[in-house]
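What follows is calculated from the coordinates using simple rules that are stated; it is not laboratory data. Just so it is clear, the model here is predicted, and its values are computed rather than measured. Ideal geometry is used to build each Cβ from the backbone, glycine not excepted, and the neighbour counts take in all protein chains shown.
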Amino acid sequence: MTNHRTVVILAAGEGKRMKSSLPKVLHPLLGRTLLGHVLDAAEQAAGQAAGQAAGADQHPLVVVGHGADQVRAHLAEIAPAAQAVVQAEQRGTGHAVRVALEAAPEATGTVVVLNGDIPLLRAHTVRTLVESHEAAGAVATLLTAEVADPTGLGRIVRAADGGVERIVEERDAGPAERAIREINVGAYVFEAAALRAALGKLSTDNDQGEEYLTDVIALLVAEGQRVAALRAGDPTEALGCNDRAELAALRALLRDRVNLEWMRAGVTMLDPATTWVDVTVTLGRDAVIEPNTQLRGATAVGEGAVVGPDTTLIDVRVGERATVVRTHATGAEIGPHAQVGPFAYLRAGSVLRREAKVGTFVETKAAEIGEGAKVPHLSYVGDATIGEHTNIGAATVFVNYDGVRKHRTTIGSHARTGADNMFVAPVEVGDGAYTAAGSVIVKDVPPGALGVSRGQQRNIEGWVERKRPGTAAAEAARRAADQAAEQAADDDGE
Ligand code: UD1
Ligand code: CA
């Protein structure tokens, strides 16, 4: 038999101390928003729960209020199955849960309530909380943590027998209660009927005049109901986020957590403190991440690839044993054994095939660089297809924009294009063709042909001495002419 479970996530608060036009729960933290992390923990916990088919109860209720439209739009993107419930006025966490359950009269069995601003909470902990609750047959089980600094948090008041008696918020606590270092994390599991009944009895008799979810605990205890508590093994899971300084602290903790996992999985990180890997990124064994590197979004790094230093990759796939040095890339695919950088900029739609090279001060966009092809120096490659084993000369521009529309350039395989070329698109250069240095290529170059387009050089003898007399250049020219004359006289004398 499976229990019916409902997840409620509280995300209606403003987060005043963030001083932001973005609702607090939408602030990003290594690849997900705060809310995204909490949703993910809830979803993963449901998937892992014993006796529960994966994907069961995929219907979390998310209480929204401040910035409701923004939060709803975000939910539609990251968790379309979630149901947003509007809490028009933020009258406290107890009120928020009441509003959620009123919108879900069918919710019976187990109700999991998670504050939306505790992003370091692990899925495993949520699952353990649910399982211990159901195994103990408790009406409420809350997650607590022993922390060094409990400032601002609800304290757990225990009875002489060690059982939880109530939760007291800091602003309502006396000095003895403030000294308690066991705090309320903001993650709870309840039996639905008991929770509904207790929520109906909440008062607003507290410093903030709000309906506190935390008061449900004392109400249930007073009725002689069974209330249990689980202490988190890792107190960092309890850390909330109320301002940007706390957000930065959480980010550093999550970075360490993510990096530790990857290092244990066989990734080398030369400086984990300056390596920022989103939770959505994957890294292959023996990958090496050099200092000052950010790997974001859907980035995936293959086995044995070397990335960094000073590199940012956003939604980039890096093939096995590729090297990517001092590079900024977004929406790109870097093939196996390819080489990128130093100082490269790969934009959306850049695809480097196996063993391709994009070198120093090169920008690419919507460009396919064929297998073994090279763009080594100082070039812009936009809207182009470059065939395999072709070499593009230094300082080449693929002129893709006529001021109105973009056009493509196609270069065949095994071509050798000269330095300082302009390929004015749309234009095609055939397989095995060459182009001369300094050419502006406006017409197709057939396979095997040499494309040349530049003025003939002509030298006007003595121009500098006549037109720029008295300059250092004229002096240098004079000396060179004298030396040449002397040399000629000596040669004659021998
Ligand atoms: C809450 C707990 C406190 C606990 C702490 C852990 C209460 C009364 N206190 O305090 O015991 O130690 O979390 O971080 O619950 N929210 C709504 N609607 C509201 C009010 C809040 O949806 O009307 C949401 C907020 O967006 C937030 C969460 O509930 O995600 C917690 O609210 P917050 O105001 O941050 O509570 P704390 O003061 O941190
Ligand atoms: Ca909070």
Exercise for review: Evaluate region 357-471: find the radius of gyration of its Cα atoms, find its Kirkwood radius, and give the ratio Rg to Rh.
Suggested key: 1.12
Exercise for review: Could you pull out every residue, at least 5 positions away or on a different chain, whose amide H is within less than 5 Å of the one on VAL399? Hs are placed 1.01 Å off N in the peptide plane, and Pro or chain starts have none.
Suggested key: PHE423, VAL424, ALA425
Point to revise | Rough spin-label spacing in nm, given labels placed 7 Å along Cα→Cβ, for THR471 and VAL279 | key: 6.5
Check your understanding: Rounded to the nearest whole Å³, what is the per residue volume of the convex hull around the Cα atoms of region 176-273?
Key -> 167
Point to revise | Square roots of five times the Cα gyration tensor eigenvalues for region 375-437, Å | key: 18, 13, 9
Review point. Applying 1/(1 + (r/R0)^6) with R0 = 51 Å to the Cβ-Cβ distance of ALA480 and ALA245, what FRET efficiency is obtained, to the nearest 0.05?
Key: 0.15
Check your understanding: Rounded, prolate or oblate: which fits region 335-380 when a ≥ b ≥ c are the square roots of the eigenvalues of the alpha-carbon gyration tensor, with rounded for a/c under 1.5 and prolate only if a/b beats b/c?
Key -> oblate
Review point. What is the Å³ per residue value for the convex hull set by the Cα atoms of region 223-290?
Key: 138
Check your understanding: Cα gyration tensor of region 115-192, axes a ≥ b ≥ c as square roots of the eigenvalues: rounded (a/c below 1.5), prolate (a/b > b/c) or oblate?
Key -> oblate
**Study point:** Karplus 3J(HN,Hα) series, Hz, for region 122-137 with 6.51 cos²θ - 1.76 cosθ + 1.60 (x for Gly, Pro)
**Key:** 8, 4, 4, 5, 4, 5, 4, 4, 5, 5, 5, 4, 5, 5, 7, x
Check your understanding: Can you tell me the Rg and Dmax of the chain, counting just the alpha carbons, in angstroms?
Key -> 33.2, 123
Practice item. Using label points projected 7 Å from each Cα along Cα→Cβ, tell me how many nm separate ALA176 and ALA193, to one decimal. Key: 3.7
Review point. Which distance in nm do the two modelled labels at ASP402 and GLU102 give, with both placed 7 Å along the Cα-to-Cβ direction?
Key: 6.3
Check your understanding: Cα axis of helix 34-48 to longest principal axis of the chain: angle in degrees, 0 to 90, nearest 10?
Key -> 70
Exercise for review: Classify region 211-260 as rounded, prolate or oblate from the Cα gyration tensor: take a ≥ b ≥ c as the square roots of its eigenvalues, call it rounded if a/c is under 1.5, otherwise prolate when a/b beats b/c and oblate if not.
Suggested key: oblate
**Study point:** Gain upon complete extension [HIS377, LEU260; 0.36 nm per residue less C-alpha separation]
**Key:** 38.4 nm
Point to revise | Contour excess over end-to-end distance, with Cα ends at LYS16 and ILE78 and 0.36 nm allotted per residue | key: 19.9 nm
Review point. So how tilted is helix 93-102 from the main axis of the chain? Cα-based, degrees 0 to 90, rounded to 10.
Key: 90
Check your understanding: Can you count the Lys pairs in the chain with C-alpha separation below 20 Å, eight or more apart or on different chains?
Key -> 6
Review point. Taking R0 as 22 Å, what's the FRET efficiency between ALA160 and GLN225 from their Cβ-Cβ distance, rounded to 0.05?
Key: 0.75
Study note, to complete from the structure: So for R0 = 30 Å, FRET eff. of PHE361-ALA488 from the Cβ-Cβ r, to 0.05, ends up at 0.10
